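Structure record follows, encoded as structure tokens.
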Amino acid sequence: MQVVFITGVQAQESTEVAQMMAASPFGPVPEPDPEARIWVLEEGDAWPWLAGYAPLAFDSEVFGLGVARLAPLLHADPWPGAGALGQGAALLAHLCGRARSEGIDCLMSRVDSRDVLAAQDLEAAGASLVDVSVEWALDLEGLAPVPEPPEGLSLRPWQEEDHEPLAQLCAASFCDLEAYADRFALDPRLRPGCPELYRRWMANSLAGEQADQVLVLAGGGGGGLAGFITLRLAHEDGPAWVVLNAVAEDRRGQGLYNCLLTHGLAWLKEQGAPEARVRTKLSQQAVIRAWSKLGAAQDGSDLTFHLWLTEA
């Protein structure tokens, strides 16, 4: 048994990698990043494990650390067994050593919630679970008429004067440990940079890079914003998405999320989207109930791990 290195481009062109991806029992596997550095555990003519990582430039810049995505992470045996666990542990130990020597501080990995083998090997390597999320899909064909916003509030596309209030609301909402508790906020080493990450995410959304439309509920406390929703149309045959949405802390529990959601979904439908999707934390029961009431169906779930390679 030996460990063999291949580049991301070689992985994209490899018949063996394509076969491992097609054989995965946990749904479609994204194509390897061309910038990925990938190691294969080779046993005779068989490849029982494959793992790689690619740097995350945006995250690394925001946090001032070397951050990379641990992907792909593929294995021939679908379920845990002593042999498969040992093989995965050996390959991850090799990968972590190489990543550490190349200046990577943290590896982030997202695996299907059914992939217990990958999850157990990540935990054995020292990774911590930081997020459990679900994905929901909604057919927009029979979308019900949208309600009027509550009295005193107006729902409209964002305007230039909303830029800073939106950045502030986005950062406050997703980094709030008592509310959404994003994975970056839950990780003590990344928590200080969580607000800046979401400020930049909102700025990129307003610039059209991460969203095609941002709707706001205006007229909140002090004449500010009561909430927002960012929307992305389908690109390259993918689905349309509700990406980010939040309600101001002093306006939560008043049904404003439902108002934002139905107006956002209506906008996507008007643009020709047949379906909309959302990915949210399992703990966000209000969001899950809202989508379920509209007729959406859960279409997957995943676990996210952070694996630190350097000391604090």
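The values are calculated or read from the model by the stated rules, or taken from the named source; none is laboratory data. Because the structure is a prediction, the values reported are computed rather than measured. We place every Cβ from the backbone using ideal geometry, glycine too, and count neighbours over all the protein chains shown.
Things to note:
- Listed here are the strands (runs of 3 or more DSSP E) enclosed by region 133-243 that have at least 3 residues being surrounded by 18 or more Cβ atoms within 10 Å (Cβ to Cβ), of a type outside the set (A, V, I, L, M, F, W, C) and at pLDDT 95 or above: 225-232.
- Within region 78-93, if we keep just the residues that are of a type outside the set (A, V, I, L, M) and more than 26 Å from the chain's Cα centre (by Cα), the residue that is surrounded by the most Cβ atoms within 10 Å (Cβ to Cβ) turns out to be Gln87.
- Residues located in region 281-299, provided they are more than 18 Å from Met108 (Cβ to Cβ) and part of a strand (DSSP E or B): Ala297, Gln298, Asp299
- In region 1-46, the residues that are in a strand (DSSP E or B) and either closer than 12 Å to Leu74 by Cβ or in contact with a Cys (Cβ under 7 Å, 6 or more places away or on another chain) (or both): Ile38, Trp39, Val40, Leu41
- First in region 144-163 and under 12 Å from Gly227 (Cα atoms), second anywhere and among the charged types (D, E, K, R), Cβ under 9 Å, 6 or more apart: Leu153/Arg251; Leu155/Glu148
- Here region 288-312 is the region considered, the condition is being over 24 Å from Pro28 (Cβ atoms) and hydrophobic (A, V, I, L, M, F, W, C), and the residue that is surrounded by the fewest Cβ atoms within 10 Å (Cβ to Cβ) is Ala312.
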